[in-house]
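K.L.:
I have a structure I would like to understand better, so I am pasting it below and will then ask my questions one at a time.
The values are calculated or read from the model by the stated rules, or taken from the named source; none is laboratory data. It should be emphasised that the depicted structure is a prediction, and the values quoted were computed from it without experimental measurement. Every residue, glycine as well, gets a Cβ built from its backbone with ideal geometry; the counts of neighbours run over all protein chains shown.
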């Protein structure tokens, strides 16, 4: 019964979504015009050392807080990953620096950094800079979708995680 | 730069733009013009198109601004463009809603809510670029976690995810009053 109700919530939400002004049904925008292919700027990849020194800069800038301040609100790497992905969904790239703009503790810096590395590992994001010493950028990686489509075909059995 | 000139340039950029453009993007092009000025000329343009009942409107969508036709002209535009109306099936729409509200979410988790296999629907949604795999869940098997794309926001005319209609609370939900709900739910799958 509970599951039915839960499902009904989404059915209702789907109905509401469908009543919105849908693109190419209710409203229209210009379709993409063919343009001269802009040559993609050459980006360089960063070494781990450069990343670590960028991390150190962020940490150095934080005020040296009380030695053993107990942070009560737990921040997980998972949450930080979601936040980062949300940001990248709206802005396709962000500055490395800006990830730490609102970070309050050293722990949070580290968690954010780990979240970023985790996303690199699963190829959801790429880290690069335009040239040596220019700001480090994070962008959402293409190719993830491709990999996932493959997975839909290849792994019909999905692990139940119950989360 | 004169304000009039800025306004004119922003309008041109909106016209040639492919997809919604952020204020940041305009600021990058119009070097030296501050964000506030850009925001205010954008607002002006929007109001002007609105009050003069023009055939294009400036809409804030998917984290940016885009020129779109008003809904009142939909039939004419459709007739002009021809082509088939793109309708989204119930199953597709419901799965999309689940992903939108519960992202990032795995296929198994979607299936737990819908009670049926969603492989086909997930593939369709990915092909239409409305969802994407955003990461892998850190559980055995490392299943993909799916989330919505900017195209999803564009399709439903949403500024961002916070603009999604609020999900009703459980106690506000009433199930359709048909005996044998399960059967009717299944029948609704493909329509």
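K.L.:
What number goes with the only condition from (1) more than 8 Å from chain A (Cβ to nearest Cβ); (2) without any contact (Cβ under 8 Å) to a residue 12 or more places away in the chain; (3) within 30 Å of residue A:85 (Cβ to Cβ); (4) surrounded by fewer than 16 Cβ atoms within 10 Å (Cβ to Cβ) that residue B:27 does not pass?
P.N.:
Just one mismatch for residue B:27, condition (4).
K.L.:
A follow-up question, please. Pull up the range B:103-118, narrow it to residues that are closer than 17 Å to residue B:161 by Cα and more than 7 Å from chain A (Cβ to nearest Cβ), then point me to the one that is surrounded by the most Cβ atoms within 10 Å (Cβ to Cβ). Talk me through it step by step, then tell me what you get.
P.N.:
We begin by selecting, within the range B:103-118, every residue closer than 17 Å to residue B:161 by Cα; these are B:103-105.
Add one more test, that the residue is more than 7 Å from chain A (Cβ to nearest Cβ), and what stays is B:103, B:105.
On the way: B:103: 19, B:105: 23.
That would be B:105.
Quick grid of which residues meet (1) modelled with pLDDT of 70 or more; (2) farther than 27 Å from residue B:65 by Cβ; (3) within 10 Å of another protein chain (Cβ to nearest Cβ):
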| residue | (1), (2), (3) |
| --- | --- |
| A:70 | no, yes, no |
| A:79 | yes, yes, no |
| A:93 | yes, no, no |
| A:97 | yes, no, no |
| A:112 | yes, yes, no |
| A:134 | yes, yes, no |
| A:142 | no, no, yes |
| A:163 | no, yes, yes |
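K.L.:
Please go through the range B:60-102 and pick out each residue that is more than 8 Å from chain A (Cβ to nearest Cβ), within 18 Å of the chain's Cα centre (by Cα) and modelled with pLDDT of 90 or more.
P.N.:
B:60, B:61, B:64, B:65, B:91, B:92, B:95, B:99, B:102
K.L.:
Another question, then. Wholly within the range B:57-172, which helices (runs of 4 or more DSSP H) include no fewer than the required count, namely at least 1 residues that are outside the structural domain of residue B:15 (by TED's automatic domain parsing) and in contact with a strand residue (DSSP E or B) (Cβ under 8 Å, 6 or more places away or on another chain)?
P.N.:
By residue number, B:90-102, B:107-114, B:119-127, B:150-155.
K.L.:
Taking residue A:89 as meeting all but one of (1) farther than 24 Å from residue A:133 by Cβ; (2) touching a residue at least 40 places away in the same chain (Cβ under 8 Å); (3) over 9 Å from the mean Cα position of the chain (by Cα), write down the number of the exception.
P.N.:
Status for residue A:89: all satisfied but (3).
K.L.:
Quick check, is residue B:81 in contact (Cβ under 8 Å) with a residue 40 or more places away in the chain and farther than 30 Å from residue B:139 by Cβ? Before you say what the answer is, go through the steps one by one.
P.N.:
Numbers: in contact (Cβ under 8 Å) with a residue 40 or more places away in the chain: no; farther than 30 Å from residue B:139 by Cβ: yes.
Taking the combined requirement at face value, the residue does not satisfy it.
K.L.:
On to the next question. May I ask you to list the residues in the range B:119-155 that are farther than 17 Å from residue A:14 by Cβ, surrounded by 22 or more Cβ atoms within 10 Å (Cβ to Cβ) and more than 7 Å from chain A (Cβ to nearest Cβ)?
P.N.:
B:145 - this is the single residue of the range B:119-155 that is farther than 17 Å from residue A:14 by Cβ, surrounded by 22 or more Cβ atoms within 10 Å (Cβ to Cβ) and more than 7 Å from chain A (Cβ to nearest Cβ).
K.L.:
Pull up the range A:48-68, narrow it to residues that are assigned to a loop (DSSP other than H, G, I, E, B) and loosely packed, with under 11 Cβ neighbours inside 10 Å, then point me to the one that is modelled with the lowest pLDDT. Outline the logic, then answer.
P.N.:
Narrowing the range A:48-68 to residues assigned to a loop (DSSP other than H, G, I, E, B): A:62-68.
Going one step further and asking which of them are loosely packed, with under 11 Cβ neighbours inside 10 Å, we end up with A:63-64, A:66-68.
Working: A:63: 74, A:64: 69, A:66: 54, A:67: 57, A:68: 57.
Result: A:66.
K.L.:
Do we have any residue at all in the range B:30-50 that's touching a strand residue (DSSP E or B) at 6+ places or on another chain (Cβ under 8 Å) and loosely packed, with under 14 Cβ neighbours inside 10 Å?
P.N.:
Taking every residue of the range B:30-50 in turn, at least one turns out to be touching a strand residue (DSSP E or B) at 6+ places or on another chain (Cβ under 8 Å) and loosely packed, with under 14 Cβ neighbours inside 10 Å.
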